[in-house]
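The values are calculated or read from the model by the stated rules, or taken from the named source; none is laboratory data. From a predicted model like this one, the values you see are computed outputs, not experimental measurements. Here the Cβ positions follow ideal geometry from the backbone for every residue, glycine too, while neighbour counts run over all protein chains shown. Please note that ligands, DNA and RNA were not included when accessible areas were found on the heavy atoms of the full protein model with its side chains. Shrake-Rupley method; radii C 1.70, N 1.55, O 1.52, S 1.80 Å.
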Amino acid sequence: NAGVTQTPKFQVLKTGQSMTLQCAQDMNHNSMYWYRQDPGMGLRLIYYSASEGTTDKGEVPNGYNVSRLNKREFSLRLESAAPSQTSVYFCASSQLAGGTSTLDTQYFGPGTRLTVL
Amino acid sequence: DQQVKQNSPSLSVQEGRISILNCDYTNSMFDYFLWYKKYPAEGPTFLISISSIKDKNEDGRFTVFLNKSAKHLSLHIVPSQPGDSAVYFCAASEGNKLVFGAGTILRVKS
């Protein structure tokens, strides 16, 4: 199994451009998440989808939109990129919402490194 | 304000010795704590977890200790191996979400 896949791996944008980060999981998980990782800040939750058809804001949702296209796919869109959105973006999935039970956890993709000039 | 803090940005340990990574938290409502390990150019991978009703959980070379009164948890790796060199993130559960610390870079020297 591929687990969680993300495309693209790297992207450079100019300020004001838009783009969509793609994420897919093949583990039949119900919940999916988008995080960003910045130096000295750890991973911060942008948006999450507890189940197909639902999305909720996380800690840092401003400037982003998400779409839970189906059970497998969860995309993150930057409508008008800003230099403050330069970061590494991780998608994750879990069987249950939160992925914090004894038998469940969040599985992460390899990340997308985004630079906004 | 960060609810989960890893105050040591880096730690260097000799192979075979014990590595101790620390994490402090401020939210007493956190009910579950996890450690993730991350290699360069990869996503974080789950390492070990502990429920707030326990004070210790062990899995092979990895042991997590939880001190609720001090709002402190630690990860012990014994013995440390060069392959353990990575970034370690502490995380805490708040409802359906995880709150992560900033990470500690562990370097195990052979």
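Quote the Stokes-Einstein diffusion coefficient, in whole µm² s⁻¹, for chain A, based on the Kirkwood radius over alpha carbon pairs, a temperature of 10 °C and a viscosity of 1.306 mPa s. Show your work: numbers first, answer last.
Values: Rh = 14.1 Å.
After rounding, the answer is 113 µm²/s.
Shielding of peptide B:38-51 by partners, expressed as the average count of other chain Cβ atoms within 10 Å per residue Cβ, is 4.
Where Rh is the Kirkwood radius over the Cα pairs of the protein assembly as shown, the temperature 37 °C and the viscosity 0.692 mPa s, what D in µm²/s does Stokes-Einstein return?
Values: Rh = 17.9 Å.
The estimated diffusion coefficient comes to 183 µm²/s.
Using a 1.4 angstrom probe on protein heavy atoms only, the contact between B and A buries about 1600 square angstrom of accessible area, both sides summed. Distance distribution note for segment B:8-90: the fraction of Cα pairs above 18 angstrom is 41%.
Here segment A:1-56 is described by how far its Cα atoms reach on the three principal axes: 35, 23, 22 Å, from widest to narrowest.
Quick one: compute a quarter of the convex hull surface over the Cα atoms of segment B:58-110 and quote it in nm².
Numbers: hull surface 18.7 nm².
Averaged projected hull area, Cα only: 4.7 nm².
Using the Karplus relation 6.51 cos²θ - 1.76 cosθ + 1.60 with θ = phi - 60°, the per-residue 3J(HN,Hα) values for segment A:47-53 come to 8, 9, 10, 5, 7, 4, x Hz, with x marking Gly and Pro.
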